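So the structure is just underneath, and the comments pick up after that.
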Ligand code: HEM
């Protein structure tokens with residue numbers, strides 16, 4: 001029986017706002033807004049220069065408070081959220097870690113708040129902005145490969161800034177076939193179609209391997225010193241951040257400062273979908289952090305993770321049926337996800353831990369800023385402990401022995 005017809009999958013793509021080729025990436029992001037919003041676009045398009053010349057804050061103070069009512073459609077809203085996100089990060093961190101702004105002026109805060117509400121995103125630069133919606137092709141008829149891609153908006157950091165966001169985007173794009181596989185497994189499981197499930201799982205494994213291969217590009221395009229010393233501050237948020245311990249006051253929106261995490265690929269829906277499909281349940285604080293990161297995803301993407309988590313559980317299904325092929329396909333997915341997470345761990349060591357320790361030896365107070373986690377840790381959960389926990393919990397999901405299958409063998 002055909003459990004994964006084109007129509008069924010198309011209905012999922014529409015419901016969860018995903019595309020077959022690009023997964024969670026925004027297809028063909030807009031690069032211009034109606035002329036009324038020219039002042040936002042002028043600032044966002046010149047952001048690097050305005051931050052480096054320290055002119056951005058003054059220009060933000062001079063901006064009028066624009067109404068978001070002339071924005072229509074999802075892609076205009078996404079571009080406006082992206083532009084205001086970049087401007088806000090630049091505004092807060094223009095003077096470096098020593099002097100973050102404590103207040104986001106009403107000219108930014110009010111429209112940003114209203115647009116965020118319409119999209120269901122928080123009013124801070126998220127992964128959904130800086131990676132999923134921040135790309136364009138140099139040659140529009142060319143391929144989506146790193147040499148033919150540019151950012152719509154950039155922070156200081158030159159090629160390392162472009163490389164960091166574009167390589168993340170390409171890793172996310174490599175996840176798209178795995179998202180397809182995930183949907184296929186889900187539909188096949190509803191009718192106990194073991195072959196369909198196995199095929200879907202194989203797609204997930206292949207996609208995870210491709211993600212890891214793509215990840216390697218990070219080392220060619222991103223310099224650890226530029227990443228740690230220049231770029232990282234601009235993706236820092238105002239939650240668990242010693243530089244802004246009480247958060248940021250959004251003028252004209254709230255009388256109290258608001259705590260929000262900075263952008264991080266922990267906000268990527270792809271990996272959380274794979275975790276949900278494979279029934280990997282992260283424990284305690286680790287799980288709570290990852291669940292909290294869903295608040296930074298687009299509502300439709302978050303709903304896919306929630307739907308996968310609520311379905312009859314794949315792992316339980318495999319444990320209770322006697323298909324060793326299916327079990328092997330599941331285990332291959334787990335191994336590929338462990339490998340991806342181990343590779344990520346090593347990358348974090350190179351880009352955060354090593355330069356962070358060097359900065360600490362030099363007395364730099366920036367250490368710990370620029371991760372969504374509190375790196376000094378509550379309950380002793382440092383960044384590396386967190387990432388190792390996530391990796392080890394994944395590893396533990398491997399099925400080493402199937403109760404029903406081993407019982408069958410005994411009889
Ligand atoms: C130089 C490159 C990268 C660095 C330095 C980095 C750093 C980090 C850090 C510090 C965290 C902990 C959470 C936080 O504080 O934000 C994290 C988590 C995470 N990162 Fe990255 N990251 C990088 C690239 C990527 C890429 C390309 C992906 C793939 C989409 C990715 C996926 C994740 C995921 C899924 C988590 C949550 C933990 C997990 O589920 O394994 N990261 N990353």
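Consider the stretch 120-144 and keep the residues that are surrounded by fewer than 24 Cβ atoms within 10 Å (Cβ to Cβ) and farther than 20 Å from residue 270 by Cα. The one that is farthest from the ligand (Cβ to nearest atom) is 141. Could you please let me know if residue 143 is free of Cβ contacts under 8 Å to residues at least 24 places away in the same chain and in a strand (DSSP E or B)? No: the conditions fail for residue 143. Scanning the stretch 112-168 for residues that are out of contact with any helix residue (DSSP H, G or I) (no Cβ under 9 Å at 6 or more places or on another chain) and within 21 Å of residue 217 (Cα to Cα) yields a count of 4.
Can you tell me which residue among 359, 329 is modelled with pLDDT under 80 and either in a helix (DSSP H, G or I) or within 24 Å of residue 293 (Cα to Cα) (or both)? Among 359, 329, only 359 is modelled with pLDDT under 80 and either in a helix (DSSP H, G or I) or within 24 Å of residue 293 (Cα to Cα) (or both). So which residues in the stretch 269-287 are over 15 Å from residue 183 (Cβ atoms), more than 9 Å from the ligand (Cβ to nearest atom) and assigned to a helix (DSSP H, G or I)? Those that are over 15 Å from residue 183 (Cβ atoms), more than 9 Å from the ligand (Cβ to nearest atom) and assigned to a helix (DSSP H, G or I): 284, 285, 287. Please verify whether the stretch 151-162 includes one or more residues that are outside any helix (DSSP H, G or I) and within 18 Å of residue 210 (Cα to Cα). No; the residues of the stretch 151-162 include none that is outside any helix (DSSP H, G or I) and within 18 Å of residue 210 (Cα to Cα). In the set 116, 168, only one residue is within 16 Å of the ligand (Cβ to nearest atom), in contact (Cβ under 8 Å) with a residue 24 or more places away in the chain and buried (at least 16 other Cβ atoms within 10 Å of the Cβ); that residue is 168.
Just a yes or no: is a residue in the stretch 255-268 surrounded by fewer than 22 Cβ atoms within 10 Å (Cβ to Cβ), away from the ligand (no atom under 11 Å from the Cβ), without any contact (Cβ under 8 Å) to a residue 12 or more places away in the chain and closer than 24 Å to residue 91 by Cα? Within the stretch 255-268 (the criterion being surrounded by fewer than 22 Cβ atoms within 10 Å (Cβ to Cβ), away from the ligand (no atom under 11 Å from the Cβ), without any contact (Cβ under 8 Å) to a residue 12 or more places away in the chain and closer than 24 Å to residue 91 by Cα), the answer is yes, since at least one residue qualifies. Does residue 83 meet the test of being modelled with pLDDT under 95 and either surrounded by 16 or more Cβ atoms within 10 Å (Cβ to Cβ) or part of a helix (DSSP H, G or I) (or both)? Judged against the criteria, residue 83 is not a match. If I go through the stretch 221-241 residue by residue, how many of them are within 18 Å of the chain's Cα centre (by Cα) and either assigned to a helix (DSSP H, G or I) or away from the ligand (no atom under 12 Å from the Cβ) (or both)? Residues in the stretch 221-241 being within 18 Å of the chain's Cα centre (by Cα) and either assigned to a helix (DSSP H, G or I) or away from the ligand (no atom under 12 Å from the Cβ) (or both): 7 in total.
Filter the stretch 174-220 down to residues that are within 10 Å of the ligand (Cβ to nearest atom) and either closer than 30 Å to residue 358 by Cβ or assigned to a helix (DSSP H, G or I) (or both), then give me how many there are.
The total comes to 8.
Within the stretch 145-165, track down each residue that is more than 16 Å from the ligand (Cβ to nearest atom) and buried (at least 24 other Cβ atoms within 10 Å of the Cβ). Matches in the stretch 145-165: 153 only. A single member of 351, 343, 330 is buried (at least 19 other Cβ atoms within 10 Å of the Cβ) and within 12 Å of the ligand (Cβ to nearest atom), and it is 351.
The values are calculated or read from the model by the stated rules, or taken from the named source; none is laboratory data. Here the structure is a predicted model, which means the values were calculated and not measured. Cβ coordinates were reconstructed from backbone atoms using ideal geometry, including for glycine residues, and neighbour counts include every protein chain displayed.
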